[in-house]
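The values are calculated or read from the model by the stated rules, or taken from the named source; none is laboratory data. Computed from a predicted structure; not experimentally measured. So basically every Cβ, Gly included, is an ideal-geometry build from the backbone, and we count neighbours across all protein chains shown. Note: areas computed on protein heavy atoms with side chains; ligands, DNA, RNA excluded. Shrake-Rupley method; radii C 1.70, N 1.55, O 1.52, S 1.80 Å.
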2 protein chains.
Amino acid sequence: MALQTNVAFIGLGIMGLPMAGHLLAAGCSLTVHSRTKAKADPLLARGARWAVTPAEAARHAEVVFICVPDTPDVQQVVMDGILPAAAAGDVVPGQIVVDHSTISPSATRNMAAVLAGHGIQFLDAPVSGGDSGARNATLSIMVGGDESSFEKIRPLLKAMGKTLTWCGPSGAGQLTKLVNQILVSVTNLAVCEALTFARENELDLQKTLAAVSGGAAGSWQLANLGPRMVDGDFAPGFMIKLQQKDLRLALEAAKDRGLDLAALSLVHRLFATAIDDHRENQGTQALFAVVEKAAKRR
Amino acid sequence: MALQTNVAFIGLGIMGLPMAGHLLAAGCSLTVHSRTKAKADPLLARGARWAVTPAEAARHAEVVFICVPDTPDVQQVVMDGILPAAAAGDVVPGQIVVDHSTISPSATRNMAAVLAGHGIQFLDAPVSGGDSGARNATLSIMVGGDESSFEKIRPLLKAMGKTLTWCGPSGAGQLTKLVNQILVSVTNLAVCEALTFARENELDLQKTLAAVSGGAAGSWQLANLGPRMVDGDFAPGFMIKLQQKDLRLALEAAKDRGLDLAALSLVHRLFATAIDDHRENQGTQALFAVVEKAAKRR
């Protein structure tokens, strides 16, 4: 697919805004929609068109990108916007809808099946790499759904991300993202418990980090969040409320398969405590404060 | 301290044998003792002297290295060997004893206090990096105890390790090693749960590893143990029974401080199940089989 394509981008938050900007910079003809119109202003100033509804944004687009917070938000865009338009014959034939949100894998499969009935390919394409990855176009994009549609839009995805992986059929992108989040959160917990142990045993935490970071104990979480935990710097980064949403999705998907993952459940409970402690807008490294308190209370 | 020093090495297992060999190669005059004399043969062939008891090994040594399995083994060497010899005025004045074993921090402090009464400095100096680190002299050595004694023996440690860290007073080396083991084992658990989730959701595990290893989910455990879990290759590596010994030490040291670390307790219970399943001599990546079974049973 050429980069000079009519595309729509729905959802212009911390992630969506820079991602849509990369598509514009790459030469796409871009129509945008967001709940808050002011968020679109920087893109409109660069030549993007505004659409007052998701349905209107989708109408002339060969590819529709969605980047919204949660499952019901995607369902609203798809079921209340794109689907009625498609049913009325009011979208480009063979349209591809690309969902960059992190949402339920089973809801994803359901929407993909419904849209397929109208000749629309729905690809789940959640991302990792955070807001800096979105700004620098270095995101990892994990894609599920029709492989040839993925190949078709590869040049567009390449404008936004560095590592593009086709993970399997519909839902496989979401499931892979949840695998990522299980790793991220339980490894974070490892760092929290290790530093709690270190601090309560009066070790020098800087020296401790230096001694253990280079070997078999090493991780991205330790290297990046460990020093912030030691400094008590809980600024986000990746906010606890977003991490917790992803862990809820992971727990639901695990339950769908009859799986009980004990460490995942544990870290979900600890993040729930963090939210009770009004830490929802802090970075995930603030889990350290919760773990330290819980370890001493028991 | 010059490398041409009289040293003793007690305990010639998978770790101790190559470590002692590096001291010999560096120019030390080496006396060795081990429970099984045959293990010393390669060193004796290269000019090391045999001592029939730990006390005899220690007698003429300026520095005595110990590398044995567990707390009681070190206590036996120190309390039944070195201490009586020291009390009889039968060791080199100002002797330094370096314990490379991973053992109890509180037992370490007790032995250090007793030996200090006889003018002997006891340094705890547990290592990480495994048998390959021992063979290649790339170990991380985490040292607790008198700092000037650590500086004095630095050239000797440098012959065996790459990263030398003075962690603090007596016991701090052991505590830092336990921090390392908490990180290693809980991060391992993160990988086990993530891959269980992936497999039960019928993801392609190779693709999944490729998609998630490079970012915020990445760790040494994921990169090194993940592929072996996927292949069902449970050959050691680091044996489960040794990992479990270290986790027991970590739990005891946490309890000494009134700390209850939930993820550490969880992974300790899972390794106990692994041992019940006769996996004690498998590598720590075999935790995957236990986690997968437990997740499906609940």
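Quick look at the values:
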read-out: Any hit, region A:235-247, residues being open to solvent by less than 50 Å² (accessible area, probe 1.4 Å) and facing chain B (nearest Cβ under 7 Å); value: no
read-out: Filter result (touching a strand residue (DSSP E or B) at 6+ places or on another chain (Cβ under 9 Å) and open to solvent by 60 Å² or more (accessible area, probe 1.4 Å)) within region A:189-209; value: A:Glu202, A:Asp204, A:Lys207
read-out: Residue count, region B:93-126 (criterion: under 17 Å from the mean Cα position of the chain (by Cα) and outside any helix (DSSP H, G or I)); value: 13
read-out: Residues of region A:136-158 satisfying the condition of being over 19 Å from the mean Cα position of the chain (by Cα) and either at positive phi or without any contact (Cβ under 8 Å) to a residue 60 or more places away in the chain (or both); value: A:Asp146, A:Glu147, A:Ser148, A:Ser149, A:Glu151
read-out: Residues located in region B:19-30, provided they are buried (at least 22 other Cβ atoms within 10 Å of the Cβ) and closer than 20 Å to B:Asp131 by Cα; value: B:Met19, B:Ala20, B:Gly21, B:Leu23
read-out: Filter result (within 12 Å of A:Met142 (Cα to Cα) and either open to solvent by less than 20 Å² (accessible area, probe 1.4 Å) or more than 7 Å from chain A (Cβ to nearest Cβ) (or both)) within region B:210-221; value: B:Ala211, B:Val212
read-out: Output for region B:252-271, where each listed residue is over 22 Å from B:Asp70 (Cα atoms), small (Gly, Ala, Ser) and free of Cβ contacts under 8 Å to residues at least 40 places away in the same chain; value: B:Gly258, B:Ala262
read-out: From the options A:Asp131, A:Asp146, residue that is at pLDDT below 95, surrounded by fewer than 19 Cβ atoms within 10 Å (Cβ to Cβ) and in the same structural domain as A:Pro105 (by TED's automatic domain parsing); value: A:Asp131
read-out: Residue check, A:Ala159 farther than 17 Å from A:Gln243 by Cα and either crowded, with 23+ Cβ neighbours inside 10 Å or charged (D, E, K, R) (or both); value: no
read-out: Yes/no for A:Asn224 being of a type in the set (S, T, N, Q) and either in contact with a strand residue (DSSP E or B) (Cβ under 8 Å, 6 or more places away or on another chain) or surrounded by 19 or more Cβ atoms within 10 Å (Cβ to Cβ) (or both); value: no
read-out: Candidate set: region A:127-161, residues that are hydrophobic (A, V, I, L, M, F, W, C) and in contact with a Lys or Arg (Cβ under 9 Å, 6 or more places away or on another chain); chosen: the one farthest from A:Pro236 (Cα to Cα); value: A:Met142
read-out: Members of region A:127-162 found to be part of a helix (DSSP H, G or I) and among the basic types (Lys, Arg), listed by number; value: A:Arg135, A:Lys152, A:Arg154, A:Lys158
read-out: Pair list, Cβ < 6 Å and 6+ apart or interchain, from region B:97-121 residues that are within 14 Å of B:Leu83 (Cα to Cα) and open to solvent by less than 20 Å² (accessible area, probe 1.4 Å) to residues that are assigned to a helix (DSSP H, G or I) and aliphatic (A, V, I, L, M); value: B:Met111/B:Val78; B:Ile120/B:Ala86
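Quick grid of which residues meet (1) under 25 Å from B:Asp246 (Cα atoms); (2) under 23 Å from the mean Cα position of the chain (by Cα); (3) of a type in the set (Gly, Ala, Ser); (4) within 7 Å of chain B (Cβ to nearest Cβ):
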| position | (1), (2), (3), (4) |
| --- | --- |
| A:Gln206 | yes, no, no, no |
| A:Gly226 | yes, yes, yes, no |
| A:Asp233 | no, no, no, no |
| A:Lys255 | no, yes, no, no |
| A:Ala263 | yes, yes, yes, yes |
| A:Leu266 | yes, yes, no, yes |
| A:Arg279 | no, yes, no, no |
